[in-house]
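Shown next, in structure tokens, is the structure this report addresses.
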Amino acid sequence: MDTCIFCKIARKEIPSAIVYEDAHAFAFLDISPVSEGHVIVIPKEHAEKIHQLSEQASNGLISAIKKVSKAAESAFKTGFNLLNNNGKEAGQAVFHVHFHIIPRRGLKDEFKYEWPSKKLEHQEQIVAELKKALAQT
Ligand code: AMP
Ligand code: ZN
């Protein structure tokens, strides 16, 4: 896509700190990392959200994520979070599918990742809504 910044990065029209590239995927350092070693992995195919990708592109993307996250774990000798924002409500700022690989240095490191667990409520209604939507796909 002509105006998409991540398509431009994948075509090397915009410079990036390239970590990995193959036929379907591209990985580079996040320009504003939330932890040292923060990498972004993208498919070369343009789509805004994960479920809009072709099977070939999503399979290639998952393979690249596995490869780069294994390398990150080995290089930095620590665990990592894998994060994929879909839609502005979820914090997506660049509307080309991407996964963040965020190396962690403990649960109290600089990446303030919260998990505000609550009691499960309305489960029958939620399951019914999801099943109805799944039946329409
Ligand atoms: P998200 O909020 O999931 O859409 O994240 C977009 C990410 O892209 C942010 O973490 C940005 O720092 C990163 N980003 C934006 N422009 C660039 C760029 N030119 N090179 C590397 N990372 C970028
Ligand atoms: Zn794009």
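The values are calculated or read from the model by the stated rules, or taken from the named source; none is laboratory data. Just so you know, these numbers come straight off a predicted model, no measurement behind them. Counting neighbours? That spans all protein chains shown, and the Cβs are built from the backbone with ideal geometry, glycine included. These accessible areas exclude ligands, DNA and RNA; they are computed on the full protein's heavy atoms, side chains included. Shrake-Rupley method; radii C 1.70, N 1.55, O 1.52, S 1.80 Å.
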Taking the condition of being open to solvent by 50 Å² or more (accessible area, probe 1.4 Å) and of a type in the set (A, V, I, L, M), how many residues in the stretch 91-116 meet it? 2
Considering every residue within the stretch 19-36, establish whether at least one is within 26 Å of G106 (Cα to Cα), within 16 Å of ligand 2 (Cβ to nearest atom) and in a helix (DSSP H, G or I). no
Could you check the stretch 39-137 for strands (runs of 3 or more DSSP E) lying wholly inside it with 1 or more residues that are aromatic (F, W, Y) and modelled with pLDDT of 95 or more? 80-83, 99-103
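Within the stretch 5-27, does at least one residue satisfy the condition of being away from ligand 1 (no atom under 16 Å from the Cβ) and surrounded by 12 or more Cβ atoms within 10 Å (Cβ to Cβ)? Spell out how you get there, then give the answer.
Residues of the stretch 5-27 away from ligand 1 (no atom under 16 Å from the Cβ): 22-24.
Going one step further and asking which of them are surrounded by 12 or more Cβ atoms within 10 Å (Cβ to Cβ), we end up with 22, 24.
Checked the stretch 5-27: at least one residue is away from ligand 1 (no atom under 16 Å from the Cβ) and surrounded by 12 or more Cβ atoms within 10 Å (Cβ to Cβ).
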Going through the stretch 69-90 one residue at a time, which ones are over 22 Å from D109 (Cβ atoms) and open to solvent by less than 40 Å² (accessible area, probe 1.4 Å)? G87
Residue match in the stretch 29-48 (condition: touching a helix residue (DSSP H, G or I) at 6+ places or on another chain (Cβ under 7 Å) and among the basic types (K, R)): yes
